[in-house]
Amino acid sequence: MRLYEEGLIYRGDYIINWCPRCHTALSDLESEHEEVQGGLYYIRYPFKNGRGHLTVATTRPETMLGDTAVAINPEDPRYKDLADDTLVLPLLGRELPIIRDAYVSLEFGSGALKVTPAHDPHDFDLGRKHGLAAIRVMDDSGRINELGGTYAGLDRFEARKRVVADLEAQGLLEKHEVHLHAVGHCYRCKTMVEPILSQQWFVKVGPLAAEALQAVQEGRTRIVPEMWTNTYHEWMTNIRDWCISRQIWWGHRIPAWYCGCGEVIVSRTTPQACPKCGGAELKQETDVLDTWFSSALWPFSTMGWPDQTPELKKFYPTSCLVTGFDILFFWVARMMMMGIKFMDQVPFKDVCIHALVRDASGQKMSKSKGNVMDPLIIMDQYGTDAFRYTLAAFAAQGRDIKMSEERIAGYRNFVNKIWNAARFTLMNLQGDREAGAGLPPTLEDRWIISRVNRTAAEVAAAIDDYRFNDAASALYQFTWHEFCDWYLELVKAPLYNHDDPARQAAARRTLGEVFSRLLRLLHPFMPFVTEELWQRLPGAEGSVMLAEWPNGEPQEVDPQAEAQMELLMAVIGAVRNIRGEMGIAPGQALPVVLMSHEDSARQVLESQAPRLTALAKIASLDWAVEGEPPAQAASAAVAGVTVYVPLTGLVDFAAEVARLDKEIAKLEKEITPSRNKLANEGFLAKAPAEVVEKEKAKVAEIASKMERLAASRQRMRAFM
RNA sequence: AGGCACGUAGCUCAGGGGGAGAGCGCUACCCUGACACGGUAGAGGUCCCGGGUUCAAAUCCCGGCGUGCCUACCA
């Protein structure tokens, strides 16, 4: 009503997109252009004076039945001296004036354009400009009507064939070329849209769009990822009036009444009599509003508008709308227009455009194409949580998703991993998470607490930025490769040591705490399994949905513990590498000798000897005096520490030399770019000091490793 | 036709000026007391091509080639 009163809604005769199957008008958006192979027909229109003809080109010969003129470009040299200014329309014999308009392209077709104002939007404009009649020759089902002469009653495609055949028979078809062009199709039923002259209701969107555009330009509404603002801008700038009449049976009926005297009454209440003639014979408009028009009011109409309800006050404008790009115009832009118009404020602060799931070849999934992946089947197969996690992991900004079942299976495995980690955790907690306070934390305690806090901070930051894939992968990495791979293995030692119940309890405490935080962090991505496990976690109350969200406590980040763990993991990795590369059975415990000139490293490793021994499967752990390595041993170099595995008896010296060669070659490849940089004077002069320092430290570390490995290699060679 | 993306391991994809990453797949070994939907170790890359900017380019700029999407009335 308000829009009508302000002149922003009007009724008018225009060419609209008509679906001959749905029997309704469509907006420009609902007409989807699709490339089709059509024909370009060159048809001879004879001059009235009988001397020759003018050839016009058209893709839709059947519309010639509604022609009311032929247009040429006034600049066209071919048509400078025409024999006559009047043509005779073939088949029907109607006389057609030749009009001159710069709109006609000199390059396309024959340079002569047949004008059918009732069946083409541009012809309609031309018709208005030149005062031509508009003859509508088709009915609402796409059949030729009584104005189409002998073609009356034929379907539009049938009519085309007949028209072409008849023209050919009369020698009026000059030629016929194959022609690719984009043709509108009904978004609902894919029927070819027919542009038809018709009286409909329209919204004058210009002023509304200008405001909606400005809101985004001024940042009152932010579109994420930003690249979509271009698209939004483009569309808002080139927008045409919006046809909102629909001849369908669902939707809001347009509140307009027609009186026999010709008066149109638009009213909030049902009018009793015509204000002009007093007549009581009023008929309400049968058309309904486009559903997108109605739903443009959604952000406020759902909260009691036009009343100023408490809900409306509190929740408008909303914080974030999450949607797909294909809805950006249909709905988002229109909610913006209406929100600003009626609420004086944008409907949402952020619009988050998420990725669209496409099929394996990048096609948009659609039922009619038959390339849909049924989420119910997938969830049945891999689990709802796995499916949801996959979508989150794939949801990188600005990119669509080609769904891959392998990835879903990978996340199913992840869910399973968590389930098993939970079994381990719950089994060991023995119903108690509270005991064990007071003992100083072990290295693995400090480390995992530090890591879970870093992860929490990372997840929080990622979610704030709508980088759901970053959040998902941070959690995956932490859960599997830190919590499960390292922490759970390390914590087994205190957990299984019944001789030290206090330490055992302390271990339980940390385990329970970290696992509890992990469940809370995972919950948004994996709601079902985490809730199930939460219910079994001792000390957890209520639903995990309501549990406190871990944001990451900076004071619980412990860089020293992380550095020490890094050393421990490197040494364990070195022993395992030797075991794997030398083909030593996993079950065989190995003697290990360490050598280091760094007291701090030695201290850490000595204090962690039990963990080191357990995870690297070590039979005996000894320290060598510097410069006196064990004679026959495989070796590895980590930062600050050299690792020896004496292999007397079962050692294969050639294999060890080969292993060291490979390792040295790898380091060589790593060190070269850094050495080159340091040899570059420009780098030393212009690069930031910390970058130069970093390169130097890197070169020093790798060089040290290489030296130690080379020394080992030399010793091994002596035994060959 | 115009616009916007994308081209990184065999496949699916992150990253985005200073040490090439993940999942799956692959190779070898292992049913180790949470987990074989698993563990340990490993192989695998001209970051599409060509220029440019820079001390430094997979990353920024320009031009190609290829792919996808969106918009569009050339009858």
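Observations
- By the Cα gyration tensor, the stretch A:586-719 has an equivalent ellipsoid whose semi-axes, rounded to whole angstrom, run 32, 19, 12 from largest to smallest.
- Between the stretch A:454-503 and the stretch A:656-720, the alpha-carbon centres lie 33 Å apart.
- Computed from phi, the 3J(HN,Hα) profile of the stretch A:48-65 under the Karplus parametrisation 6.51, -1.76, 1.60 (θ = phi - 60°) reads 5, 6, x, 9, x, 8, 10, 9, 10, 10, 8, 9, 10, x, 5, 6, 4, 4 Hz, with x in place of Gly and Pro.
- Dimensions (Å) - the stretch A:13-197, Cα atoms, principal axes, largest first: 49, 33, 31
- Among the GluC sites (Glu not before Pro) in the stretch A:560-642, those located in a DSSP loop and surrounded by at most 13 other Cβ atoms within 10 Å of their own Cβ are A:GLU598, A:GLU626.
- Checked against a 19 Å cut-off, the cross-linked pairs A:LYS666/A:LYS698; A:LYS190/A:LYS402; A:LYS129/A:LYS204 give Cα-Cα distances beyond that limit for A:LYS190/A:LYS402; A:LYS129/A:LYS204.
- Shape category assigned to the stretch A:1-50 from the gyration tensor of Cα positions, a/c cut at 1.5: oblate
- Filtered chymotrypsin sites (Phe, Trp or Tyr not before Pro), the stretch A:221-319: DSSP coil and at most 16 other beta carbons within 10 Å: A:TRP249, A:TRP250
- Three-way shape call for the stretch A:157-293 based on the alpha-carbon gyration tensor, with the a/c threshold at 1.5: oblate
- Gained length - A:GLU174 relative to A:LYS364, 0.36 nm times residue gap less alpha-carbon distance: 64.3 nm
- Taking amide H positions as modeled 1.01 Å from N, with prolines and chain starts lacking one, the residues under 5 Å from A:ALA634 and 5 or more places away or on another chain are A:VAL645, A:LEU647.
- Accessible area of chain A belonging to carbon and sulfur atoms, whole % at 1.4 Å probe: 52
- For the stretch A:531-587 and the stretch A:236-276, distance of Cα centres in Å: 66
- Along the stretch A:566-578 the Karplus relation, 6.51 cos²θ - 1.76 cosθ + 1.60 evaluated at θ = phi - 60°, assigns HN-Hα couplings of 4, 5, 4, 5, 5, 5, 4, x, 5, 5, 5, 4, 4 Hz to successive residues, with x for each Gly and Pro.
- A viscosity of 0.890 mPa s and a temperature of 25 °C, combined with the Kirkwood radius over C-alpha pairs in the Stokes-Einstein formula, give the stretch A:322-450 a diffusion coefficient of 129 µm²/s.
- Close amide H pairs (under 5 Å, H built 1.01 Å from N) link A:ALA256 with A:GLU285, residues at least 5 positions away or on another chain.
- Per-residue [θ]222 nm for chain A (sum of -39500 (n - 2.57) over DSSP H runs n ≥ 4, rounded to 500): -13000 deg cm²/dmol
- The stretch A:383-434 versus the stretch A:24-66: alpha-carbon centroid distance in Å: 58
- Normalised convex hull volume, the stretch A:377-557, alpha-carbon set, Å³ per residue: 113
- Rounded, prolate or oblate (a/c below 1.5 giving rounded, otherwise prolate when a/b exceeds b/c) for chain A by Cα gyration tensor: prolate
- At a probe radius of 1.4 angstrom, the accessible area of the stretch A:13-197 per residue rounds to 45 square angstrom.
- Loop-resident GluC sites (Glu not before Pro) (DSSP state other than H, G, I, E or B) in the stretch A:1-88 with no more than 14 further Cβ atoms inside 10 Å of their Cβ: A:GLU6, A:GLU75.
- Distance histogram in 10 Å bins (all Cα pairs of the stretch A:1-122, percent per bin): 11, 35, 28, 17, 8, 1
- The 3J(HN,Hα) values that the Karplus relation (6.51, -1.76, 1.60; θ = phi - 60°) gives for the stretch A:25-42 are, in residue order, 6, 10, 6, 4, 5, 7, 9, 9, 7, 9, 6, 10, 8, x, x, 10, 9, 9 Hz. Gly and Pro appear as x.
The values are calculated or read from the model by the stated rules, or taken from the named source; none is laboratory data. Just so you know, these numbers come straight off a predicted model, no measurement behind them. Heads up, the Cβs are rebuilt from the backbone with ideal geometry, glycines too, and the neighbour counts pull from every protein chain shown. Areas reflect the complete protein model, heavy atoms only, side chains present, ligands, DNA and RNA absent. Shrake-Rupley method; radii C 1.70, N 1.55, O 1.52, S 1.80 Å.
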